[in-house]
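Here is the structure we will look at, set down as structure tokens.
The values are calculated or read from the model by the stated rules, or taken from the named source; none is laboratory data. Just so you know, these numbers come straight off a predicted model, no measurement behind them. Reconstructed Cβ throughout: ideal geometry from the backbone, glycine too, with neighbour counts over all protein chains shown.
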Amino acid sequence: MIWEIFRRDRKGQPFEHAGSLEAPDADFAEAWAREQYGRRGESVALWLVPRDTVHVVGDWADEFDLKYRRVDGYSIKARLKEARERHRLDGAA
Amino acid sequence: MAAIDISHDEQAFLEYVQGGGQVETTDWLPEDYRVKLVKFIEMHGNSELMGVLPEREWILRAPTLQRKLALTAKVQDEVGHAQLIYRVVEDLGKPRERCLADLVSGKAKFHNVFHYPTRTWGDVGVIAWLVDAAAIISQKALLKCSYAPYARIMKKICWEESFHILHGRDVILAMVTGTPGQFELVQEALNRWWGPLMQFHGNPIAAEDDPMYLWRIKSQGNEEARQQFLDGYVPQILELGLTVPDPKLRKRDDGVWGYTEPDWAELKSVVTGHGPRTAERLALRARFIAQEQWVRDAVLSDGRRLDGARQGAEVPALPAPERG
């Protein structure tokens with residue numbers, strides 16, 4: 001059984017994926033994980049997650065091109081230039 | 001931002017990793033990339049596992065209790081690194097048992113420096129300091145490996161290696177500030193190890209011609225790593241009054257180190273299984289793998305035996321002690 005190990009560096013920090021190990025049950029996984037990721041006090045907490053139980057989401061379809069919701073959906077350079085130019089001309093007139 | 005589609009397109013994949021992109025186990029990987037990854041990472045795992053043997057020989061003979069404990073801790077670290085690394089190889093499709101079988105049969109390789117004898121405590125110091133220093137240069141470059149699961153475990157490995165180097169340096173400093181005889185032990189060990197150390201990073205093949213670099217498994221060329229080693233450690237060796245056994249070694253005006261051509265024939269012969277201690281150490285490793293089979297059988301079975309025991313079911317009773 002493969003366990004994914006997440007570790008927290010110190011309080012307030014998010015858990016971060018550190019690696020995986022093979023163990024038949026949670027007790028063994030804990031013993032292994034304590035040795036691998038905690039024996040020098042480098043983690044304040046560990047999450048041991050059976051790999052099979054992780055529900056993965058990894059595909060992000062964007063069929064409708066929903067760029068209007070993101071900063072890269074807007075290119076204001078040309079319009080800004082035009083607006084400034086117009087204001088400058090108005091002032092001169 | 002939409003992810004770049006690298007699926008089933010080897011050229012797109014190549015451009016992606018060459019641009020600094022990283023991939024995960026679940027991504028589509030070109031077959032050649034997977035094969036090269038397994039070969040490279042497996043050799044690293046083998047080297048960690050075989051790398052404990054030269055030092056293990058000195059645990060019982062360490063000069064003080066503190067040194068004995070430190071050496072034991074280091075051996076534990078390196079076996080732990082092997083476990084993490086083999087786990088990564090397993091996810092790429094090669095089970096650990098097969099890695100171990102290929103290691104002891106001589107089919108798979110391990111680093112040249114672990115094929116040599118550890119003659120004196122001076123050798124232990126030079127291994128812990130300089131061999132580990134050479135290794136950490138390669139390993140730090142692997143933090144940028146295109147295969148992310150490998151790059152991630154390298155963080156922990158590098159962190160622990162920095163303790164090893166400091167421990168090695170402390171061993172060396174104790175000896176060079178000791179008796180003339182102790183100083184001499186270090187110098188003799190350095191003389192023995194300089195050749196293998198200069199061979200360690202491999203022949204100066206151009207990075208662009210190195211398939212491991214092409215796929216960005218490695219992020220630097222062999223010569224670049226060797227230069228970094230010389231730059232970092234030659235001054236540290238010289239300041240202790242030690243002599244580097246290469247009359248041609250010097251830093252040129254352009255900042256590049258010149259040195260006597262390392263013995264590439266020796267490197268090839270050693271890593272293909274003809275080193276002075278290859279057979280002996282592989283035999284020892286084979287013996288332990290066989291001897292500890294029962295542990296793996298017990299722990300890595302489907303767990304039924306262990307769960308059963310905990311639930312109090314069907315535990316074979318120990319025979320009652322005989323009374324005389």
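Quick look at the numbers
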quantity	calculated
Boolean, A:E42 is within 18 Å of the chain's Cα centre (by Cα), among the acidic types (D, E), surrounded by 14 or more Cβ atoms within 10 Å (Cβ to Cβ) and not in a helix (DSSP H, G or I)	no
Members of region B:92-106 found to be surrounded by fewer than 16 Cβ atoms within 10 Å (Cβ to Cβ), part of a helix (DSSP H, G or I) and within 12 Å of chain A (Cβ to nearest Cβ), listed by number	B:E97
Cβ pairs under 6 Å, 6+ apart, first in region B:151-168 and more than 8 Å from chain A (Cβ to nearest Cβ), second of a type in the set (S, T, N, Q) and not in a helix (DSSP H, G or I)	none
Region A:28-42: number of residues that are more than 10 Å from chain B (Cβ to nearest Cβ) and in contact with a Lys or Arg (Cβ under 9 Å, 6 or more places away or on another chain)	2
Test: B:F110 is in contact (Cβ under 8 Å) with a residue 40 or more places away in the chain, in contact with a Pro (Cβ under 7 Å, 6 or more places away or on another chain) and within 26 Å of B:E280 (Cα to Cα)	no
The lone exception for A:L21 - which of (1) assigned to a helix (DSSP H, G or I); (2) in contact (Cβ under 8 Å) with a residue 12 or more places away in the chain; (3) within 11 Å of chain B (Cβ to nearest Cβ) it fails	(1)
Any helices (runs of 4 or more DSSP H) falling wholly within region B:257-315 and containing at least 1 residues that are modelled with pLDDT of 95 or more	B:264-269, B:278-291
Some residue of region B:238-251 being within 29 Å of B:K36 (Cα to Cα) and either free of Cβ contacts under 8 Å to residues at least 60 places away in the same chain or crowded, with 19+ Cβ neighbours inside 10 Å (or both)	no
Filter result for B:R67 (at pLDDT below 95 and within 25 Å of B:R277 (Cα to Cα))	no
Checklist (1) within 12 Å of the chain's Cα centre (by Cα); (2) among the hydrophobic types (A, V, I, L, M, F, W, C); (3) over 30 Å from B:F13 (Cα atoms) applied to B:V124, failing item	(1)
Residues satisfying the stated conditions in region B:204-232, i.e. without any contact (Cβ under 8 Å) to a residue 24 or more places away in the chain and either under 15 Å from B:K36 (Cα atoms) or not in a helix (DSSP H, G or I) (or both)	B:P204, B:I205, B:A206, B:D209, B:D210, B:Y213, B:G221
Hey, B:Q66 more than 16 Å from B:Y147 (Cβ to Cβ) and in contact with a strand residue (DSSP E or B) (Cβ under 9 Å, 6 or more places away or on another chain) or not	no
Residues (buried (at least 22 other Cβ atoms within 10 Å of the Cβ) and part of a loop (DSSP other than H, G, I, E, B)) located in region B:168-203	B:F200, B:H201
Residues of region B:12-70 satisfying the condition of being among the hydroxyl-bearing types (S, T, Y) and part of a helix (DSSP H, G or I)	B:Y16, B:Y33, B:S47
Which listed residue is closer than 21 Å to B:S7 by Cα and either of a type in the set (G, A, S) or loosely packed, with under 10 Cβ neighbours inside 10 Å (or both), from A:A61, A:A78, A:A92, A:A83	A:A61
Residues being without any contact (Cβ under 8 Å) to a residue 40 or more places away in the chain and touching a His at 6+ places or on another chain (Cβ under 9 Å) - total across region B:136-147	2
Inter-residue pairs, beta-carbon under 6 Å, first more than 9 Å from chain B (Cβ to nearest Cβ) and more than 24 Å from A:A29 (Cβ to Cβ) and in region A:49-69, second modelled with pLDDT of 85 or more and part of a helix (DSSP H, G or I), 6+ apart	A:K67/A:G73
